[in-house]
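Report on one structure; see the data block that follows.
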């Protein structure tokens, strides 16, 4: 097992949120309460009708933000291009199963 250095949010055994008041810390009881709460239905897939213009020249001070998929955005500004949190698959998954992880609900932008 990998050893992590002790920090302001890791005590050597577990990670924690140092800004969360101890009086509000989740308990086992609150976990079971949350699991019993009703859930809304998963949204239906929708078509991404946006047309990215990735090769346009931006004026000084302009910024272009293109939604790619899930939490992935292509940000272009001042000659700098940033790609956030890229996931290049149809599903977010940890396992290798065909249907592991949730499927995306939108069509990704083609880059």
| query | Rounded to the nearest 0.05, what FRET efficiency do residue 54 and residue 20 have when you use their Cβ-Cβ distance and R0 = 35 Å? | reply | 0.30
| task | Provide the FRET efficiency to the nearest 0.05 for the residue 6-residue 35 pair, computing r from the beta carbons and using R0 = 25 Å. | result | 0.20
| task | Determine the principal axes of the Cα atoms in the range 11-65, then give the extent along each, sorted from largest to smallest and rounded to whole angstroms. | result | 54, 35, 20
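Taken together, the values in this text are just the output of simple stated rules run on the coordinates, not laboratory data. In this text, all values refer to a predicted model and were calculated from it rather than measured experimentally. Counting neighbours? That spans all protein chains shown, and the Cβs are built from the backbone with ideal geometry, glycine included.
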